[in-house]
Amino acid sequence: MNSRILVVEDNPANRSLMEYLLGAYGHQVASANDGAAGVAAARRERPDLILMDLQMPTMNGFEAVHELKADVALARVPVIAVTAFAMVGDRDEILASGFDGYIAKPIAPETFVAQVQAFLPQAKRNRQRVSVSGGSAEPA
Ligand code: MN
């Protein structure tokens, strides 16, 4: 089954790469380019999972996850930080801030979708790439 995934990321190249990889596995992807737009998109799109950059203009990822977890309609949607922070201890700070998990940048195209899907229920994971040019949303 496909999932609805929201990508919140201010870097266009990173955003495009995540959209492409998730779409290649048949997931429906929505995106936003800062935290405030991400919170608005989450309320509108009701995604199954949210991928969130930390450093963004207008509203950063920490502020955005705080708003999302305070919203009873969205509090149970997993929010995964996608960030280049590499210092020891950042992972604990990220989880203590309300994020449900953490994926490190740079994104590894070979493993990214599996990393994301680990945070989805079994039934919402897709094991195979689908044709992005054929218009089919079903696994090949
Ligand atoms: Mn950023």
Where does the charge balance sit around Ala32 when Lys and Arg score +1, Asp and Glu -1, over other residues with C-beta under 12 Å from its C-beta?
-3
Pseudo-spin-label distance Glu63 to Ala104, built 7 Å along Cα→Cβ, given in nm, is 2.9
Modelled FRET efficiency - R0 22 Å, Leu95 with Ala73, Cβ distances, 0.05 increments
0.50
With loop defined by DSSP as not H, G, I, E or B, and exposure as at most 10 other Cβ atoms within 10 Å, which is the longest segment of the chain clear of exposed trypsin sites (Lys or Arg not before Pro)?
1-75
Kyte-Doolittle mean at least 1.6 and Cα extent at least 20 Å along the axis: which DSSP H helices of the chain qualify?
none
For the chain, what does -39500 (n - 2.57) per DSSP helix run (n ≥ 4), summed and divided by total residues, give at 222 nm, in deg cm²/dmol to the nearest 500?
-9500 deg cm²/dmol
I want to check the label-to-label distance for Ala40 and Ala84. Put each point 7 Å from Cα in the C-beta direction and report it in nm to one decimal.
2.7
Can you give me the long-range amide H partners of Val130? Hydrogens built in the peptide plane at 1.01 Å from N, cutoff under 5 Å, separation of 5 or more residues or another chain.
Tyr25, Gly26
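Only the coordinates and a few stated rules stand behind these numbers; no lab work does. Everything numeric here is computed off the predicted structure, so don't read it as measured data. Heads up, the Cβs are rebuilt from the backbone with ideal geometry, glycines too, and the neighbour counts pull from every protein chain shown.
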